[in-house]
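Asks: So that we are looking at the same thing, I have put the structure below in structure tokens.
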Amino acid sequence: MYIDTNYLLRYMLNDIPEQSEKAAEAIAEGAAIYPEIVPEAVYVLHKIYGIGRKDVASALIDVLDDVDVERKEQIREALILFKETRLDYVDCLLLAGFLSGKNDFVTFDKKLRNKKNSLSNN
């Protein structure tokens, strides 16, 4: 069974008891998320709730242990990059794919291109 972003957020935030309980039950039963859920969760936690980048990344990394998701290691690496840089999460996801050797990318974004070049030189 897949859960949406709202279920994931209720599980993480435990802010609406009845919904949080249902979310916890679904996850305990082996719920999965689509990879596309993660950027939405990052956005909501960081921009809407005002939670810092490091805390958002750490919390989502922990949640990855509780749910099934495709490309889990790439998502985990992207969250680490999100924690350590000022890049948007999706840019971090591109970098994580690049660092894994699975995907190269091109960009007009100077900041992202510079980060890619600095990481490929290490």
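Every read-out reported here was derived from the displayed coordinates using simple, explicitly stated rules and does not represent laboratory data. Since this is a predicted model, take the numbers as computed values, not measurements. Cβ coordinates were reconstructed from backbone atoms using ideal geometry, including for glycine residues, and neighbour counts include every protein chain displayed.
Asks: Skipping prolines and chain starts, which residues have an amide H placed within reach, meaning under 5 Å, of the one on Ala32, given they are 5 or more residues away or on another chain?
Replies: Residues meeting the criterion, in which the H sits 1.01 Å from N, are Tyr2, Ile3, Asp68.
Asks: What is the magnitude of the charge dipole of the stretch 1-118 about its Cα centre, with +1 placed on the Cβ of each Lys and Arg, -1 on the Cβ of each Asp and Glu, and no other charges, expressed in debye to the nearest 20?
Replies: 900 debye
Asks: For the chain, what is the calculated [θ] at 222 nm in deg cm²/dmol (nearest 500), taking -39500 (n - 2.57) for each run of four or more DSSP H residues and dividing by its residue count? Walk me through the numbers on the way to the answer.
Replies: Working: 7 runs with 75 residues, N = 122.
Calculated mean residue ellipticity at 222 nm is -18500 deg cm²/dmol.
Asks: If R₀ is 41 angstrom, what is the calculated FRET efficiency for the pair Asp104 and Lys54, using the beta carbon separation as r and rounding to 0.05?
Replies: That gives a FRET efficiency of 0.90.
Asks: Expressed as a whole number of Å, what is the distance separating the alpha-carbon centroids of the stretch 1-34 and the stretch 61-105?
Replies: Computed from Cα coordinates, the inter-centre distance equals 21 Å.
Asks: Note down the relative contact order for the chain as a percent, whole number, built from C-alpha pairs under 8 angstrom at least six residues apart. All intermediate terms of the calculation are to be shown ahead of the outcome.
Replies: Working: 122 pairs, mean separation 22.6, N = 122.
Contact order relative to length: 19 percent.
Asks: Using a 10 Å cut-off around each Cβ, can you sort Thr5, Thr107 from fewest to most neighbouring Cβ atoms?
Replies: So the residues, fewest neighbours to most, are Thr107, Thr5.
Asks: What does the charge count near Val106 come to, summing +1 for each Lys or Arg and -1 for each Asp or Glu among other residues with Cβ under 15 Å from its Cβ?
Replies: For residues surrounding Val106, the net value is +2.
Asks: Note down the nm distance, to one decimal, between modelled labels 7 Å out along Cα→Cβ at Glu73 and at Ala24.
Replies: Result for the modelled spin labels: 3.2 nm.
Asks: Still on this model: Just to compare against my own numbers: the Cα pair-distance distribution for the chain, 5 Å bins, whole % per bin, please.
Replies: 2, 11, 21, 21, 18, 12, 7, 4, 2, 0
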